[in-house]
1. With only Lys, Arg, Asp and Glu charged, each at its Cβ (+1 for the first two, -1 for the last two), find how big the charge dipole of the range 215-332 is about the Cα centre; round to the nearest 20 debye.
2. Among the listed pairs K397/K452; K93/K268; K98/K370, which are separated by more than 27 Å between their Cα atoms?
3. For the range 504-517, what does the Karplus curve 6.51 cos²θ - 1.76 cosθ + 1.60, with θ = phi - 60°, yield as ³J(HN,Hα) per residue in whole Hz, taken in order and with x for Gly and Pro?
4. Quick check: the angle from helix 255-265's long axis to the longest principal axis of the chain, C-alpha only, nearest 10 degrees?
5. Where only protein heavy atoms count, and the probe is 1.4 Å, what is the accessible area per residue for the chain in Å²?
6. Largest first and in whole Å, give the semi-axes of the range 87-204's equivalent ellipsoid, each being the square root of 5 times a Cα gyration tensor eigenvalue.
7. Ordered by packing density, taken as the mean number of other Cβ atoms within 10 Å over each peptide's residues, highest first, how do 101-107, 227-233 rank?
8. Under unit Cβ charges (Lys, Arg +1; Asp, Glu -1), what dipole magnitude, rounded to 20 debye, does the range 83-161 have relative to its Cα centre?
Amino acid sequence: MDYKKLADLLYPNAKDISYYENLYPERNLMEGAEVCRFAPSPTGRVHMGNLFASFVPEIIAHQTNGVFILRIEDTDQVRILPNGIELIYNDLKAYNYKIDESPLDGGAYGPYVQTERKEIYEAYAKYLVSIGRAYPCFCSAEDLDAMRERQQTRKEQIGYYGHYAKCRNLSLEDVEKHLNNGDKFVLRLKSIGDPDKKFVFKDLVKGAIELPQNNIDQVLIKSDGIPPYAFAHVVDDHLMHTTIVTRDDSYISSVPYHLELWDAFGFKKPKFAHILPINIKDGNIIRKISKRKDPWAAISYHHENGIPIEAVKLYFATLMNSNFEGWLLQNPDKSYRDFKFTFDKMSKTGPLFDMEKLTNISKNYLSKLKASEVFELLDEWSKEYDPDFNKIINNHKDYTINVLNIEREQKKPRKDFAFYSEIKNHIWYMFDELFDNVVYDFGVNNIDEVKKIINLYIDKYYDENDDKDTWFDKIKKLSEECGYSSDMKAYKENPDNFKGSVADISNIIRVALTTKNTTPDLYEIMHLLGKERIINRFNNI
Ligand code: GLU
Ligand code: ZN
């Protein structure tokens, strides 16, 4: 068979691949730099699962001074969204992913949308035909159905292979006749594999795996000229000089076919890292996360609840490498970008997403920020999700920062909130705008007693200029004057000798000013509220 002739017959207008080989030369990168890509189909917004799947190549690319590509794979899918590319891009950007090349950023190795690469695929398809590794198949859907049925009844391997691969044997004249008839064809790989033979595949995550060789003459190009995923990704990853293909673990079973394709072209193969999807523990079962059952899997949920993006990324880092958390404890001031991530420390059974863990990481993360940084984040979040609160905090910006600073810059900072949406619940009482229709709960203390204590406190003891020790000494004196023990030990030994203790007196003041039984440091709260508001609130009881 004259394969060159066949190639010209099938793809008369396709360019020679040398054109593209020259157009996309080797990248000029440092030794060890990895070129990684995230290659989603534009079928919807990113969710926690694929956000994690794209975290991995982004981190690996940048920690090696390499390149991170966003490539849109839109050849296979039926549910393509018209704005699918922007949705994905914006979601990644919202998480501060550094994207070096993409449909929106451009780059020297584009286009980055597969349906815009049809001409390129055609050139490479023609090349495979010209070296005798691909051929046209004119079988109809009915032919293929009949073949499948026959294979099923005979309990044979399903697929187009061996003696079932009828069109392998078409002569040049047969092909010409079909083409003259206007018959449609798909292009198939001419497989030379043998499934009885096994080979060892080294995956960066899973290690060495034994796989059977491929023997199926898979479809490389559909009758509309568009390639399915397998062919497209080999051509793209070759031309974009991808060094590590990171992708979902479900592709493992297609590896024999993909590798045969790489070999048929004679291209240098990238490394592969098949990544287990994030799982969740649902009662006693472990399952994949589901958009339907797990509302927190949606990025919109994270935005609405104000789950800090940096916390999510810290959490991803712990999911990615089991030794990250220990390292972070040793290096509390470093960024996760300073950690050396490796594929061999990735879970081989699938990382488990645990909201409680993310919550703790987030509390920790927020507790370490400066109050002004928390303010900025809260400002940005509330602008969209709580505009009334946003107005209030911006009307009192410095004051709010001071409020957020209570018990913050110290060795063991407070960790009361994990998400931006929780902050208001912890500081609302510091704002007069929110301090109305309040309900006080003074517990066992009757209101006359409360008023008596508070009035005595205002008249005799309260002085806004007191330092913390003096302030507390006065509360102790107030306690004694009212018949409450100023000494907790004495109180605990003989509780019947007192009406209560200094803790009860502090709590009465606390509830009167904030309505709450637990708050951060009362002295700091009073200091920030200031005399006028304190008197007003006391008088309000
Ligand atoms: N388009 C494929 C997917 O969305 C990507 C696989 C790959 O990264 O090569 O699953
Ligand atoms: Zn056929």
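1. Details: 12 positive and 13 negative charges, 52 e Å.
Computed about the Cα centre, the dipole is about 240 debye.
2. Values: K397/K452 36 Å; K93/K268 32 Å; K98/K370 25 Å.
In this structure, K397/K452; K93/K268 lie more than 27 Å apart at Cα.
3. The phi angles translate into 5, 5, 4, 5, 4, 5, 4, 5, 4, 8, 10, 6, 9, 7 Hz.
4. 50
5. Numbers: 26670 Å² over 541 residues.
Ligands and nucleic acids excluded, the figure is 49 Å² per residue.
6. On the way: eigenvalues 269, 98, 51 Å².
In descending order, the three semi-axes are 37, 22, 16 Å.
7. Numbers: 101-107: 16.6, 227-233: 22.0.
By packing density, highest mean first, the sequence is 227-233, 101-107.
8. 380
The values are calculated or read from the model by the stated rules, or taken from the named source; none is laboratory data. Quantities reported herein were computed from a predicted structural model and do not represent experimental measurements. Note: ideal-geometry Cβ built from the backbone for every residue, glycine included; neighbour counts use all protein chains shown. Note: areas computed on protein heavy atoms with side chains; ligands, DNA, RNA excluded. Shrake-Rupley method; radii C 1.70, N 1.55, O 1.52, S 1.80 Å.
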